[in-house]
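Data first, discussion second: the structure below is written as structure tokens.
No value in this document is a laboratory result; all are computed from the given coordinates. Computed from a prediction, not measured in an experiment: that's the story for all the values here. Cβ placement follows ideal geometry from the backbone for every residue including glycine, while neighbour counts extend to all protein chains displayed.
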Amino acid sequence: MTISKPPIPPGLLPEGLSDRLPPQAEASARLARRVLDTVASHGYERVMPPLAEFEDTLTHRLKSARAQDLLRVVDPVSQRSLALRPDMTAQVGRIASTRLASAARPLRLSYSGPVIRLRANQLRPERERLQVGAELIGTDSVAAAVEIVNVAIEALQAAGVTGITIDFTLPDLIDTLAAGPLPLAAEDIERVRAGLDAKDAGALARLGAKAAAYLPLIEAAGPFHAAMERLEASSAALGGAIDSRIAGLRAIAKPIGWDITLTLDPTERHGFEYQNWFGFSIFADGFVGEIGRGGSYAIVRADGGEEAAMGFSLYPDPLIDAGFGHEAPRRLFLPVGHDAARAAALRMEGWRTVAALSHADDGATLRCSHWLDGAEPRAF
């Protein structure tokens, strides 16, 4: 027996998906434009990858996502499985390594568009999110990191964000130490990572002396300068094993303005699965969770090799919901029989005009702030 499903109400959307209505849709576009204009002023050129790609090629580049975590469909043309992008960084890497493989390096690219996740989380219940960012391809040097971090800060400030915190991390620090001065068996590396992520000193101690050697890294977290001193002490005890990483972090932090709060958590790995020597999360006062992240990583070239890269992604939806990007528009109501030439001139001055289609139209009801009285705008 076939059980019929009740009809879907016309306004109902799938869980985690929503419409953006006026004025939020306009605010979203405005905020994204401010970010893109800022990164463009530093030489980043925009690319626009498609919303979906072949699942095989997308998952090959998404080191932090599994195929079963992607929203997939079957392409009726190729009869192959497609995946809707959960992240645009991997797509930019594909573009750089194929269509722009012969472009001069370092290659600066920017992007903006929606991404969709199969599942949401408790902090961010939405499954569709706006992602805006920039990628610097061809180098993962300290100079590149300095540029990326400061462009990200400048972009957020251009969007009106204040109270910014940058939290630095060294995503591959445990792998580096485990392969060198603090050796660990392969089966113990994930346990040590879990203990460090939870800041659980007892768990590390229970794993034995080799794992306990990582305990000082728990203390090397917190406000940047104090945490860096503790990290430097740990490095000195290991014969300077991570001095180059420390010098890199110092150089990245040096040009950042005094109004930006800096913190350090050298072993943070959540969300940094594909970054290597350097990563950072971006927070802002009044918002729960991060509003962006970035760092160094490697993209897969067409020949199977890897190319160094650096970048950041912003997820501005919480900012938009909080009112960032919103502006009171100058909407001018044009009554029937208005002067069309004068209306055109006013649009050139920045007015948004709403023309009456009949004498019954009311400017105030149509959310206009002014009406055209002869040749001059008048406030309602």
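At a glance:
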{"item": "Given charges at beta-carbon only (K, R positive; D, E negative), |dipole| of the stretch 172-267 in Debye", "result": "140 debye"}
{"item": "Between the stretch 338-380 and the stretch 106-150, the alpha-carbon center distance in angstrom", "result": "41 Å"}
{"item": "Radius 15 Å from Cβ of P335, net charge of other residues (Lys, Arg +1; Asp, Glu -1)", "result": "-2"}
{"item": "Rounded to whole Hz, the Karplus (6.51, -1.76, 1.60) HN-Hα couplings of the stretch 332-344, x for glycine and proline", "result": "10, 7, 9, x, 4, x, 5, 7, 5, 5, 5, 4, 5"}
{"item": "Considering only the stretch 331-379, percent of DSSP beta bridges that pair antiparallel, nearest 5", "result": "40 percent"}
{"item": "Between helix 186-197 and the chain: long-axis angle, C-alpha atoms, 0 to 90°, nearest 10", "result": "50 degrees"}
{"item": "Local electrostatic count, S281, Cβ distance below 13 Å [Lys/Arg +1, Asp/Glu -1]", "result": "-2"}
{"item": "Protection-proxy order for peptides 106-114, 134-142, each taking the mean of Cβ atoms within 10 Å per residue, highest first", "result": "134-142, 106-114"}
{"item": "Helix 142-158 axis, angle to the chain major axis (alpha carbon atoms, nearest 10°)", "result": "30 degrees"}
{"item": "Förster-model FRET efficiency, 35 Å R0, A322 and L366, C-beta, rounded to 0.05", "result": "0.85"}
{"item": "Gain upon complete extension [A186, A198; 0.36 nm per residue less C-alpha separation]", "result": "2.4 nm"}
{"item": "More than 17 angstrom apart: percent of Cα pairs within the stretch 331-379", "result": "20 percent"}
{"item": "Charge tally in the Cβ shell below 12 Å around A236, where Lys, Arg are +1 and Asp, Glu are -1, A236 excluded", "result": "-2"}
{"item": "Where Rh is the Kirkwood radius over Cα pairs, Rg/Rh for the chain", "result": "1.06"}
{"item": "Anisotropy class of the stretch 234-323 from Cα gyration tensor, a/c 1.5 cut", "result": "oblate"}
{"item": "Between the stretch 1-33 and the stretch 172-191, the alpha-carbon center distance in angstrom", "result": "46 Å"}
{"item": "Geometric extent, Cα atoms of the stretch 272-375 - Rg, Dmax (angstrom)", "result": "24.5, 68"}
{"item": "Integer Hz, Karplus 6.51/-1.76/1.60 couplings in order for the stretch 347-356, x for Gly and Pro", "result": "5, 5, 7, x, 6, 10, 9, 10, 7, 5"}
{"item": "Distant-in-sequence amide H partners of A159 (H built 1.01 Å from N, under 5 Å)", "result": "none"}
{"item": "Tilt relative to the chain, helix 24-40 - C-alpha long axis, 0 to 90 degrees, to 10", "result": "60 degrees"}
{"item": "For the stretch 112-168: rounded, prolate or oblate by the Cα gyration tensor [a/c cutoff 1.5]", "result": "prolate"}
{"item": "Global geometry of the stretch 303-359, whether rounded, prolate or oblate, following the gyration tensor of its Cα atoms and the 1.5 cut on a/c", "result": "prolate"}
